[in-house]
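Structure record follows, encoded as structure tokens.
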Amino acid sequence: MKKLGEPLYRARQLLEAVYSQRIDRIDAITTLPKAFRERLSMEGFELSHPSLQHRFTSADGTIRYLFAFPDGQTVETVWMPEGDGGEAGEMVDANGAGNGRREFTRATICISSQAGCAVNCRFCMTALLGVQRNLTPGEIVGQVLAVLNERRVAIDSERINLVFMGQGEPFLNYDNFMKAARLLAGPARIPESRMTVSTAGIVPRIYDFGREPLRPHLAISLNASNDEQRSAIMPLNRKWNLQALLAAARAFPLRERERLTFEYVLLAETNDSPEDARALARLIRGIRAKVNLIALNPGPEIPFGTPADERVHQFQQILIHGGVPTFIRRPRGRDIFAACGQLKRTVETDSSSLVSLP
Ligand code: SAH
């Protein structure tokens, strides 16, 4: 606004329009004078939300959105409501028709940071896409605004959590991810304490992230308790091995009462034995952390199996007895390919089968 020779309150009007009113077209920002809106468009400024290509709704209330950007690239964003009253909780329009919007007490939005992913974890379907490109800060923030608009919910700091755990490796698009986080925490007013970013283990960026004055919480996808095992399922471990990764985790400056999260995807007969659990407890001893266990979400072309529930519980118990707070991540939206590791632009062709876009 300064560069355009406009008074500074125009900047506030613009931010208010984009983030509070969530307007998605410059010409619809009626708080700005019409001539000024025309000038913005003429000078090449653009405002848009990612466009909704498909929406898949799970039996558990989870919604997977397939969004497209102007260049044709697509990503997925996932809406996970909590405290869902089921069908009975569906809100009803004035005319008595269900509108498909259900009451929720809290909701988590899972955001993509790249189209596709370069990291190539053997158990993850996003890896099969390869990396297409980085998303811009606007494209990252735009996913949140578009979902909130579609759900018709106000940005409500009490009820919305954000996780940067969709397509892509946020720490390989670090600057854009951080700009997006700052916009979401600033003008969008979702406090960074309600955001978590997950990394597959880009060690230098973990150090950078620790130095950020404003930052979300950190989760690290550990997934193995020794290098041989981790390199076999996460090839990036050959570049940054467990010693380097755990050194960064130990050095990470946690805030008061903050905990690091380690995610651990359990693959049947690969990394899910009681010995693995004990080795994991030893590996992370002394770090103020919790572990989130994720039983593999299966998918075509994924050469691993999902461990039985008892196996998952046994793994959890061993960690807990080893002094590590350990939780089992409930799969959300597995039936619509919305769960962890399943984001691969899968498109429904009929009610029983899902196929992937080329
Ligand atoms: N690239 C980042 C952000 C994605 S978070 C990262 O790897 O951390 C996605 C989480 O889902 C990661 O913890 C990953 O290990 C896990 N995951 C990947 N594929 C999975 C699958 N098939 N089943 C369960 N979890 C999976």
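The values are calculated or read from the model by the stated rules, or taken from the named source; none is laboratory data. For clarity, every value in this text was computed on a predicted model and none was experimentally measured. Positions of Cβ are generated from backbone atoms using ideal geometry, with glycine treated the same way; all protein chains shown enter the neighbour counts. Each accessible area value is taken on the protein alone, full model and side chains, heavy atoms only, with ligands, DNA and RNA left out. Shrake-Rupley method; radii C 1.70, N 1.55, O 1.52, S 1.80 Å.
Couplings 3J(HN,Hα) of the range 214-222, computed from phi: 10, 7, x, 6, 10, 10, 10, 7, 8 Hz, in residue order, whole Hz [Karplus 6.51 cos²θ - 1.76 cosθ + 1.60, θ = phi - 60°; x for Gly and Pro]. Excluding residues fewer than 8 places away in the same chain, name every one of the aspartates and glutamates whose C-alpha is closer than 19 Å to that of Lys34. Hits, sequence-local ones excluded: Glu6, Glu16, Asp24, Glu43, Glu46. Taken one residue at a time, the phi angles of the range 246-263 give Karplus couplings (6.51, -1.76, 1.60, θ = phi - 60°) of 5, 5, 5, 5, 5, 7, 5, x, 6, 8, 3, 6, 7, 10, 7, 10, 10, 8 Hz. Gly and Pro are set to x. Counting only GluC sites (Glu not before Pro) that are in a DSSP loop and have at most 16 other C-beta atoms within 10 Å, tell me the longest site-free stretch of the chain. Longest run free of exposed loop sites: 159-255.
Normalised by the number of residues in the chain, the average gap of Cα pairs under 8 Å and 6 or more apart makes the relative contact order 14 percent.
Computed over protein heavy atoms with a 1.4 angstrom probe, the accessible surface ordering of His313, His54, His321, His49, largest first, is His321, His313, His54, His49. Calculated mean residue ellipticity at 222 nm for the chain: -7500 deg cm²/dmol, from DSSP H runs with n ≥ 4 weighted as -39500 (n - 2.57), summed, divided by the residue count and rounded to 500.
Here the accessible area of the chain is 51 percent carbon and sulfur, with a 1.4 angstrom probe and all protein chains present.
Taking amide H atoms as placed 1.01 Å from N in the peptide plane, the amide H of Met165 lies under 5 Å from those of Ile111, each 5 or more residues away in sequence or on another chain. Between amide H atoms placed 1.01 Å from N, distances below 5 Å from Gln132 occur with Ala115, Gly116, Cys117, all of them 5 or more places distant or on a separate chain. Largest GNM mean-square fluctuation across Arg151, Arg194, Arg64, computed for the chain with C-alpha springs under 10 Å, falls on Arg151. Gap in Å between the Cα centre of the range 122-190 and the Cα centre of the range 234-307? So the two Cα centres are separated by 23 Å.
Excluding same-chain neighbours fewer than eight residues apart, no lysines are reachable from Lys3 by a Cα-Cα span under 18 Å.
Straight-line reach from Lys239: which aspartates and glutamates have Cα under 18 Å away, leaving out those fewer than 8 places along the same chain? Once the sequence-local aspartates and glutamates are set aside, what remains near Lys239 is Glu169, Asp208, Asp227, Glu228. Using the 1.4 Å probe convention, the accessible area of the range 14-73 works out to 55 Å² per residue with neighbouring protein chains retained. Near the amide H of His54, within less than 5 Å, lie the amide hydrogens of Leu66, all on another chain or at least 5 residues away, with H placed in the peptide plane. The loop-placed trypsin sites (Lys or Arg not before Pro) in the range 273-319, going by DSSP, that have at most 16 neighbouring Cβ atoms within 10 Å of their Cβ come out as Arg285, Arg288. The charge dipole of the chain, taken about its Cα centre with unit charges on the Cβ atoms of Lys, Arg (+1), Asp and Glu (-1) only, comes to about 1200 debye. Radius of gyration over Kirkwood radius for the range 51-349, both on Cα atoms: the Rg/Rh ratio is 0.95.
When you count the other C-beta atoms within 10 angstrom of each residue and take the mean per peptide, 125-132, 111-118 line up highest first as 111-118, 125-132. When the inverse distances between all different Cα atoms of the range 234-278 are averaged and flipped, the Kirkwood radius reads 12.8 angstrom. Phi-derived couplings, Karplus 6.51 cos²θ - 1.76 cosθ + 1.60 at θ = phi - 60°, listed residue by residue for the range 291-306: 10, 9, 8, 10, 5, 3, 8, x, x, x, 6, 9, x, 9, x, 8 Hz, with x used for Gly and Pro.
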